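Notes follow the structure.
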Amino acid sequence: METVLITGASRGIGLELTKQLLALDYKVIATYRNAPSNDQLSLKDHGDLTLVELEVTNESSIEALRESLEGQQIDVLINNAGIIGPDEQDRDNVSAPNWLETFSVNTIAPLLVSRAIIPLMQNAANPRIVTISSQMGALNRDAVGMYAYRSSKAAVNKVMQVMALELKEQGITVCPIHPGWVKTDMGGDEADITAQESAAGIIKLTQGLTLDQSGTFFTWEGDVHPW
Ligand SMILES: NC(=O)c1ccc[n+]([C@@H]2O[C@H](COP(=O)([O-])OP(=O)(O)OC[C@H]3O[C@@H](n4cnc5c(N)ncnc54)[C@H](OP(=O)(O)O)[C@@H]3O)[C@@H](O)[C@H]2O)c1
């Protein structure tokens, strides 16, 4: 069975992806910050789960993750860790340090983590890198405010598009995915769909991804999302 590495899996979509992938008999490596959440620990009895510490903005932490995985094959990397950014991110109030922090987590970290993990994907039959992005970063949509979050997701889409082109020769598929508006700490109670629905869609899409689809921006339902 394939091995899937999921970042930011203490709660929300990452936790639900972990749960569902274990139930499907995947081997899952799920990351946490500081200490695993109780929800993560409770999954230890439900399948082949390894919990590893990872602060995605810290290069030493990424290196420690890579070292801990030395010799293992990773089939799928899901760059899921993300933040909504500062409370105040309208044009008049967004602050540069907070904006940079949002970019650090949402845009730069997915490349740094991918870069560290790619060497472990070399022998995988169908290696895939999936990054949980957002339609809030899509340039085709007219919407105002949320400068830090929107720009970080627009930028990570470009990062993934470039990586997709570069990694095609190595046979690695790279796709950003919009997970829907999801009822999590980030999405809030008013959101459209549950984490269960979102994760099920992301897994179904990821299972079927092939190299010819690399560089496509998808929705959690498997539709192509305009950039
Ligand atoms: N929910 C939505 O409606 C929605 C919509 C579009 C896109 N997304 C995207 O989907 C992804 C997951 O969102 P979610 O709703 O599940 O959010 P969430 O419930 O807030 O969970 C975020 C996860 O990311 C982790 N994380 C945050 N910063 C990190 C860092 N610096 N290093 C390592 N881990 C970090 C958190 O860990 P801690 O528990 O340690 O904080 C947590 O596990 C994000 O990329 C988000 O932008 C969500």
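The values are calculated or read from the model by the stated rules, or taken from the named source; none is laboratory data. Because the structure is predicted, anything quoted here is derived from the model rather than measured. For neighbour counting, all protein chains shown are included, and Cβ atoms are generated from backbone atoms with ideal geometry for every residue, glycine included. For accessibility, only protein heavy atoms count, side chains too; no ligands or nucleic acids. Shrake-Rupley method; radii C 1.70, N 1.55, O 1.52, S 1.80 Å.
Hey, could you check the range 204-218 for residues that are not in a loop (DSSP other than H, G, I, E, B) and not hydrophobic (A, V, I, L, M, F, W, C) and say which is surrounded by the most Cβ atoms within 10 Å (Cβ to Cβ)? Applying the filter and picking the extreme gives 206.
Within the range 36-51, is even one residue among the basic types (Lys, Arg), open to solvent by 10 Å² or more (accessible area, probe 1.4 Å) and modelled with pLDDT of 95 or more? For the range 36-51, residues among the basic types (Lys, Arg), open to solvent by 10 Å² or more (accessible area, probe 1.4 Å) and modelled with pLDDT of 95 or more: absent.
Residues that are open to solvent by 30 Å² or more (accessible area, probe 1.4 Å), more than 13 Å from the ligand (Cβ to nearest atom) and basic (Lys, Arg): does the range 2-16 have at least one? Scanning the range 2-16, I find no residue that is open to solvent by 30 Å² or more (accessible area, probe 1.4 Å), more than 13 Å from the ligand (Cβ to nearest atom) and basic (Lys, Arg), so the answer is no. Only one residue in 59, 55 is within 14 Å of the ligand (Cβ to nearest atom), acidic (Asp, Glu), touching a helix residue (DSSP H, G or I) at 6+ places or on another chain (Cβ under 7 Å) and over 25 Å from residue 184 (Cα atoms). Which one? The unique qualifying residue is 59. For the residues 170, 213, the requirement of being out of contact with any Cys (no Cβ under 7 Å at 6 or more places or on another chain) and in contact (Cβ under 8 Å) with a residue 12 or more places away in the chain singles out 170. Scanning the range 34-52 for residues that are within 18 Å of residue 4 (Cα to Cα) and either more than 13 Å from the ligand (Cβ to nearest atom) or of a type in the set (Lys, Arg) (or both) gives 41, 43, 44, 45, 46, 47, 48, 49, 50. The condition of being of a type in the set (A, V, I, L, M, F, W, C), touching a Leu at 6+ places or on another chain (Cβ under 7 Å) and not in a helix (DSSP H, G or I) holds for only one of 174, 159, that being 174. Take the residues in the range 126-140 that are in contact (Cβ under 8 Å) with a residue 60 or more places away in the chain and surrounded by 24 or more Cβ atoms within 10 Å (Cβ to Cβ); name whichever of them is farthest from the ligand (Cβ to nearest atom). This residue is 128. For residue 60, the criteria (1) of a type outside the set (A, V, I, L, M); (2) in a loop (DSSP other than H, G, I, E, B); (3) loosely packed, with under 14 Cβ neighbours inside 10 Å hold in every case but one, which is (2).
Kindly indicate whether residue 162 is over 23 Å from residue 201 (Cα atoms), more than 17 Å from the chain's Cα centre (by Cα), surrounded by fewer than 19 Cβ atoms within 10 Å (Cβ to Cβ) and not small (Gly, Ala, Ser). Spelling it out, it is not the case that residue 162 is over 23 Å from residue 201 (Cα atoms), more than 17 Å from the chain's Cα centre (by Cα), surrounded by fewer than 19 Cβ atoms within 10 Å (Cβ to Cβ) and not small (Gly, Ala, Ser). Beta carbons closer than 7 Å, at least 6 apart along the sequence or on distinct chains, pair a first residue in the range 86-102 that is on the phi < 0 side of the Ramachandran plot with a second that is among the hydroxyl-bearing types (Ser, Thr, Tyr) and open to solvent by less than 60 Å² (accessible area, probe 1.4 Å) for 86/95; 89/149; 102/149; 102/152.
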